[in-house]
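Heads up, the thing below is written out as structure tokens.
The values are calculated or read from the model by the stated rules, or taken from the named source; none is laboratory data. The structure displayed is predicted, hence computed values, not measured ones. Using ideal geometry, Cβ is built from the backbone for each residue, glycine included, and neighbour counts are taken over all protein chains shown.
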Amino acid sequence: MKTHLFGETLEDLKKRVQIKGFPSFTATQIADWLYKKKVSSIDEMTNLSKKTREELKKECDVGLIPPQTVQTSVDGTKKYLFPTHKNEYIETAMIPFKERKTVCLSSQVGCKWGCRFCVTGEQGFQSQLSANEILNQFRMLPEQDSITNLVYMGMGEPFDNLDEVLKSIDVLTSDWGYALSPRRITVSSIGLQPERLESFLAACEAHLAISLHSPFLEERKQLMPVEATYSFEDTLQILRKYNWHGQRRISFEYIVFGHLNDTPKHAEKLIQLLKGIPCRINLIRFHPGKDKTLQATNETVLQRFKEHLNAGGILTTIRASRGLDIDAACGLLSSRNNPSKPTDYDRDDDEES
């Protein structure tokens, strides 16, 4: 099994060329070929000597994998199925909206946390993705050159795979990499160990989204088993201490369920709970999976809930459900029914209201 150069940081490449005895500037040359010139093979790195290329090829390749299938929604959203290097599968969504194109990246094959509303959680956990496999979802899209935003909101819990997620963000935002603004990147988490949240906040400048779904922690525990292990109160303490008054943004994701978390009591508790944090709340329509005990709220209640929160001083928007007809909307990504052979389907940030 060869080492995949794509996804390595400049520091990784420096260590690699030092071990091989190559000139130190070779690392910068390789990074330039990988992330600026977008080569797919070592042979294309023509300012490296032939001997250097042959030595690299003994142990390394670039390691790109094209998507195996694509489905296109009536609203223009596309869902790509990517194989991994372990012969597993992940799903990636590309969401166009006005001048923006947002890619929803997966960070794991499946997820172990079992949130009741999430189809990925029904799949269970299979494996972690490497930085190579995370970034491959961006690099190998036909739309790659026009992508404006990246959100780590696909399959998996990013903080469960924090080292590889941070490595991928380093490649995306560094001058030697893709040089994207961290303000174009959002990482979404259910909230795990406090030290992981602190590490994320210290290591990068990407935006943060926390899945909340109920301000009442016992109720949240029923929706999100993580609450029994890692309390949202610990997460909240860290968020309160952090300086959110720069350009970095904190938001809370809130799936609205009918007759469960859509009452005025919930709105008032949210206003109280998040007071003092300059945040926004993204309300998300529920898209039913296997758990039929949960139901979506109606549109009238949803709008009233939004207005209640806005009146209480919390900027609140309703996320549009994109790609619903191809199971690409929030909470619906899953690769458990991956195809046995390639099949072609012809079929934001997020739009807000």
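On the given criteria, is Thr343 among the hydroxyl-bearing types (Ser, Thr, Tyr) and at pLDDT 95 or above?
Criteria not met by Thr343.
Just need a number here: residues in the range 6-27 that are assigned to a helix (DSSP H, G or I) and more than 24 Å from Val165 (Cβ to Cβ).
Adding up the residues that qualify gives 5.
Could you please find all residues in the range 93-111 being surrounded by fewer than 24 Cβ atoms within 10 Å (Cβ to Cβ) and touching a helix residue (DSSP H, G or I) at 6+ places or on another chain (Cβ under 8 Å)?
Correct list: Lys101, Val103, Gly110.
Would you check which residues across the range 1-26 are within 28 Å of the chain's Cα centre (by Cα), modelled with pLDDT of 95 or more and not charged (D, E, K, R) and list them?
The answer is Thr3, His4, Leu5, Phe6, Gly7, Thr9, Leu10, Leu13.
Taking the range 283-324 on its own, how many of its residues are closer than 18 Å to Phe117 by Cα and of a type outside the set (A, V, I, L, M)?
Matching residues across the range 283-324 total 16.
Which condition number does Gly114 fail, the rest of (1) in a loop (DSSP other than H, G, I, E, B); (2) touching a Gly at 6+ places or on another chain (Cβ under 9 Å); (3) crowded, with 20+ Cβ neighbours inside 10 Å being met?
Of everything listed in (1) in a loop (DSSP other than H, G, I, E, B); (2) touching a Gly at 6+ places or on another chain (Cβ under 9 Å); (3) crowded, with 20+ Cβ neighbours inside 10 Å, Gly114 misses just condition (3).
Out of Val171, Val165, Val187, Val119, report the one residue that is under 17 Å from the mean Cα position of the chain (by Cα) and at pLDDT below 95.
Val119
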